[in-house]
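Undergrad: Got a structure here, written out as structure tokens. Questions coming.
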Amino acid sequence: MQFLNPLAWFRWMGEFVHSWFLGIPWRDAPKAIPAIILSLVLFTTGFIAFSGGTGWRNRQLERQLKVALDREDFPTAEIVIRRQLEADPSNMQLIHRFALVREAQSFEEEAKVLMRRLLTRRHLPAAKWLLENQIIGKKLTDFEPEELDEIGTVLELITESEDDNLGVKRMYAEYLIYRQRLSSAIPVLIELSEAEPMRGLQAAALARQLNEMDAAERYASTALERVEELHKDDPTNTYYAMSIARNQIFLERHSDAIRTLKRSVDVAKTPDERRVLTQALGDAIIAYITYIEKSPTNTVQERLRVLRMLDAAVKIAPNNPRVVTMVADHVLSNLNESDAQITSVREALISGSPAGIAHFIKGTAALMNEDQPMAELHLEKAAEQMPRSAAILNNLAVALAMKEEPEYDKALQVSNAAIGNVTTPTPHFYETRGQILFRMGRFREAISDLERALPEPTLAAKAHQMLADCYDKVGDEDLAQGHRDAAEKLAKEQASAIEIGGQRSAEEPAEDAEEE
């Protein structure tokens with residue numbers, strides 16, 4: 001049974017090797033040395049020849065490339081890389097090197113083409129190059145649709161490959177939101193919220209946009225908890241206080257938001273911080289009023305409550321443009337109110353407001369009553385005291401343009417200032433400037449502003465009519481007729497609505513009499 005014993009096998013193999021080694025004719029061995037050397041040379045030569053550029057040859061080329069790049073000898077580097085590519089034309093690393101060398105020789109377009117080709121193969125260094133050279137520093141609105149698709153691929157690839165690259169992740173989230181891919185943007189924002197808690201509120205806003213109310217509340221609540229934890233460690237931090245208030249307003253906890261901001265105002269470290277917080281407090285009160293007014297009820301008690309809240313807002317943040325606008329809107333809408341309590345609060349609100357707001361209210365009321373001299377007087381005073389209030393400037397522009405002797409140049413200047421003072425001007429602002437330009441005979445310029453006024457239903461009919469006149473003046477009869485037809489259609493719709501309203505109001509007393 002020795003053939004089953006491994007030790008026996010090893011012994012037999014050892015005896016075989018020993019016997020073979022003793023059987024070699026060592027005396028004649030020197031005669032074989034030339035053949036052995038020739039075999040080694042042939043083997044080495046064949047290996048190098050058939051290795052496809054690897055091994056020794058490739059190391060030589062790499063050394064030449066390193067020397068050329070160290071000396072910034074880019075033409076030589078290009079020749080070396082071309083030789084390497086001949087052996088391995090699909091090597092992504094070599095193509096990337098070649099693109100960088102061509103860029104160094106000022107062939108940027110060729111480099112861009114090569115990098116884009118690599119991007120289709122999801123090559124990360126090429127994506128980073130495209131990000132740095134083609135995307136950073138530009139706005140998404142600067143790109144064509146096909147370029148935007150490429151940007152999405154670049155940002156997605158880098159985000160997936162480098163999870164800790166928060167800068168690119170932010171850009172990717174913004175890109176997805178811009179392309180209205182909201183459901184894809186939400187997970188990216190949730191990831192960002194680990195380092196930036198307020199990104200959770202942004203995700204909540206997108207979820208609400210998609211009617212995912214439960215998810216929206218969950219994201220906002222999580223963001224609120226995280227910011228509250230941070231605020232405990234730094235209770236005087238203005239940013240954390242405002243972030244907490246924003247989350248509370250989103251969750252419709254307006255009273256909590258107002259209390260949060262009031263506490264922060266009391267402990268603010270600097271006048272600038274106190275100013276920012278009071279502006280935010282004014283915004284919070286306005287948001288609460290807006291929330292209250294969503295209710296279908298419109299009782300005297302509710303209007304009194306709103307006016308008192310506005311009185312508090314105007315005392316806290318008299319320079320907040322949203323507060324100014326809402327105060328004016330509510331006072332003007334209650335000008336004809338006969339209830340004694342509302343009249344009392346309204347007058348107290350006017351008298352308790354800063355002089356600029358009081359002048360604005362009086363001037364706007366005069367403008368509505370077609371009292372041009374008083375409108376101009378009070379609106380000019382308001383503009384002097386609150387020169388950056390867009391609402392005041394817009395109404396002043398209207399007053400200047402509607403005088404018996406219109407001051408169109410000054411009105412246009414004021415209207416431009418009103419539009420320039422807000423991030424997103426309303427259609428009313430553009431309609432004002434469009435009217436001024438129309439009256440000045442600058443019809444081509446008026447067209448763009450009047451077209452921006454069309455989305456506002458209360459301005460559409462008049463804007464269509466003026467656009468018809470503008471296009472008549474510039475010689476486009478087809479467009480002029482189209483706007484004229486639209487104006488007539490809107491006028492008919494408004495007339496029929498008035499008739500229906502009149503019939504209903506006439507029928508209602510008869511119904512009441514029958515019930516009695």
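The values are calculated or read from the model by the stated rules, or taken from the named source; none is laboratory data. Every value quoted in this text rests on a predicted model; they were computed, and no experiment measured them. Here the Cβ positions follow ideal geometry from the backbone for every residue, glycine too, while neighbour counts run over all protein chains shown. Note: areas computed on protein heavy atoms with side chains; ligands, DNA, RNA excluded. Shrake-Rupley method; radii C 1.70, N 1.55, O 1.52, S 1.80 Å.
Undergrad: Just need a number here: residues in segment 172-197 that are open to solvent by less than 70 Å² (accessible area, probe 1.4 Å) and in contact with a Leu (Cβ under 9 Å, 6 or more places away or on another chain).
TA: 16
Undergrad: Is it the case that segment 375-382 has a residue that's closer than 16 Å to residue 282 by Cβ and at pLDDT 70 or above?
TA: no
Undergrad: Scan segment 403-425 residue by residue and report those that are crowded, with 17+ Cβ neighbours inside 10 Å and outside any helix (DSSP H, G or I).
TA: 421, 425, listed by residue number.
Undergrad: Ok, one more. Would segment 59-74 turn up any residue that is closer than 30 Å to residue 168 by Cα and open to solvent by less than 30 Å² (accessible area, probe 1.4 Å)?
TA: The answer is no, given that none of the residues of segment 59-74 is closer than 30 Å to residue 168 by Cα and open to solvent by less than 30 Å² (accessible area, probe 1.4 Å).
Undergrad: Of all residues being at pLDDT below 90 and acidic (Asp, Glu) in segment 273-296, which is least open to solvent (accessible area, probe 1.4 Å)? Just the residue, please.
TA: Residue satisfying both the conditions and the ranking: 283.
Undergrad: Let me ask something else. Considering only segment 354-368, how many residues are at pLDDT 70 or above and open to solvent by 80 Å² or more (accessible area, probe 1.4 Å)?
TA: Selection size over segment 354-368: 1.
Undergrad: Could you go through segment 217-228 and let me know if any residue there is among the aromatic types (Phe, Trp, Tyr), under 30 Å from residue 270 (Cα atoms) and open to solvent by less than 70 Å² (accessible area, probe 1.4 Å).
TA: For segment 217-228, residues among the aromatic types (Phe, Trp, Tyr), under 30 Å from residue 270 (Cα atoms) and open to solvent by less than 70 Å² (accessible area, probe 1.4 Å): absent.
Undergrad: Which count do you get for residues in segment 116-135 that are open to solvent by less than 80 Å² (accessible area, probe 1.4 Å) and more than 15 Å from residue 149 (Cα to Cα)? Outline the logic, then answer.
TA: Let us first name the residues in segment 116-135 that are open to solvent by less than 80 Å² (accessible area, probe 1.4 Å), namely 118-119, 123-127, 129-131, 133-135.
Going one step further and asking which of them are more than 15 Å from residue 149 (Cα to Cα), we end up with 118, 123-126, 129, 133.
Number satisfying all stated conditions: 7.
Undergrad: Next up: Residue check: is residue 155 closer than 30 Å to residue 91 by Cα and surrounded by 17 or more Cβ atoms within 10 Å (Cβ to Cβ)?
TA: Yes.
Undergrad: Hey, another quick one. Within segment 457-474, can you find the residues that are under 18 Å from residue 440 (Cα atoms) and open to solvent by 60 Å² or more (accessible area, probe 1.4 Å)?
TA: 462, 465, 472, 473
Undergrad: Find the residue count for segment 247-273, including only residues that are in contact with a helix residue (DSSP H, G or I) (Cβ under 6 Å, 6 or more places away or on another chain) and in a helix (DSSP H, G or I).
TA: 13
Undergrad: Another question about this same structure. Can you name every residue in segment 158-171 that is open to solvent by 40 Å² or more (accessible area, probe 1.4 Å) and in a helix (DSSP H, G or I)?
TA: 160, 161, 166, 170, 171
Undergrad: Now a separate question. Within the set of pairs 6+ apart or on separate chains, which have a first residue in segment 224-238 that is over 17 Å from residue 195 (Cβ atoms), a second that is of a type in the set (Lys, Arg) and surrounded by fewer than 17 Cβ atoms within 10 Å (Cβ to Cβ), and C-beta atoms under 7 Å apart?
TA: 236/269
Undergrad: Only residues that are more than 21 Å from residue 293 (Cβ to Cβ) and touching a Leu at 6+ places or on another chain (Cβ under 7 Å): list them for segment 243-260, please.
TA: Hits for segment 243-260 are 244, 247.
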